[in-house]
Amino acid sequence: MRICCTITIHTLVIKLGALCTWNLVFTMGAAYLMLVNWDFIETVFLDMDGTLLDLYYDNFIWDVALPEKFAQVHNVALEQAKETIKKCIDARRGTLNAYCFTHWSNLLGFDMLELYENHQHLIGYRDNAEDFLKLLAKRFSNIYLVTNADRKNIHLKIKNTELDKNIMKIFSSSELGYAKEQVEFWKKLQKNISFNCISTLLIDDNPSVLKAARAFGIDNLLLISRPCSKSAEQSNTDFINLKSFKQIMQNF
């Protein structure tokens, strides 16, 4: 038999500028922090790469496959290729071009979609992500995928995961005209669908995206602390870190 009680703690966090509600649940001598109070959530926004899907696939493309392809096509040393690509990425970070396959294909001189397709066997869900998504769909209808990914990238991921089955609609930054790192993205999103910032949950692996969403007014923000299964956990004190979807599935 499980005996538990819940204490709701309201605290004003000056740094975040928002009223945060935390639920401390006691179960037979143990306690855990309820990261999401689902009774107050109406709309859920989920990122794709690094949140639902393992970022290892995309990291492999950009860190390994793409430099090798660039070195081969342009007949340069691998280290030179890596340095050139890094400079290109840094110059476009947080912009629409950073995620646009057409832009990168024209810039690098080869087809980005073909490169992605050649390694699509690496596409996969993060641990427990698929189970979480299915569980979420049983309770909520307002589940949206909000991603910076190019539409060609999205279609490739869907073909390999069928993640769209539990999503009401997919919004890509290229279609809204702004990257998610910009407040304008969230303004345009609200013009497309009606959502209450207070009862909306956003889960993403990019702190810059969460900062923009917070500036817009979205209250409930969770940061994926380990978007890539092959990389170390990232630490960020500005947001509540989510190590595993199990942490927010246990109080569903």
*Name the residues whose placed amide hydrogens come within less than 5 Å of the amide hydrogen of ALA149, ignoring near sequence neighbours (fewer than 5 apart) on the same chain.*
SER173
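Taking the Cα centre of region 139-252 as origin, sum charge times position over the Cβ atoms of Lys and Arg (+1) and Asp and Glu (-1), and report the length of that vector in debye to the nearest 20. Intermediate values should be presented prior to the final figure.
Numbers: 17 positive and 11 negative charges, 55 e Å.
In debye, rounded to 20, region 139-252 gives about 260.
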*Amide H to amide H under 5 Å from ILE41: which residues, 5+ apart in sequence or cross-chain, H placed 1.01 Å off N in plane?*
none
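With a ≥ b ≥ c the root eigenvalues of the C-alpha gyration tensor of the chain, is it rounded (a/c under 1.5), prolate (a/b larger than b/c) or oblate?
Numbers: a/c = 1.99, a/b = 1.81, b/c = 1.10.
Prolate shape, in that a/c is at least 1.5 and a/b is the bigger ratio.
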_Given contacts defined as C-alpha pairs under 8 Å and at least six residues apart, what's the relative contact order of region 104-199, whole-number percent?_
24
*Helical mean residue ellipticity (222 nm; -39500 (n - 2.57) per DSSP H run of 4+; nearest 500) of the chain*: -10500 deg cm²/dmol
*Could you give the dipole magnitude of region 56-121 about its Cα centre, charging the beta-carbon of Lys and Arg +1 and that of Asp and Glu -1, in debye to the nearest 20?*
260
*asked:* Can you tell me what share of the DSSP beta bridges in the chain is antiparallel? A percent to the nearest 5 is fine.
replied: 45
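Relative to the Cα centre, what is the charge dipole magnitude of the chain, using +1 at the beta carbon of each Lys and Arg, -1 at the beta carbon of each Asp and Glu, and rounding to the nearest 20 debye? Present the calculation step by step, with values, prior to reporting the outcome.
Details: 28 positive and 28 negative charges, 105 e Å.
For this selection, approximately 500 debye.
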*Specify which residue in the list GLY217, LEU96, ALA65 is farthest towards the positive end of the charge dipole of the chain, using unit charges on the beta carbon of Lys, Arg (+1) and Asp, Glu (-1), about the Cα centre.*
GLY217
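Readers should treat all values here as calculations from the given coordinates under stated rules, not as data from a laboratory. Keep in mind that what you see is a predicted model, and the values were worked out from it rather than measured. Virtual Cβ from ideal backbone geometry, glycine too; neighbours counted across all protein chains shown.
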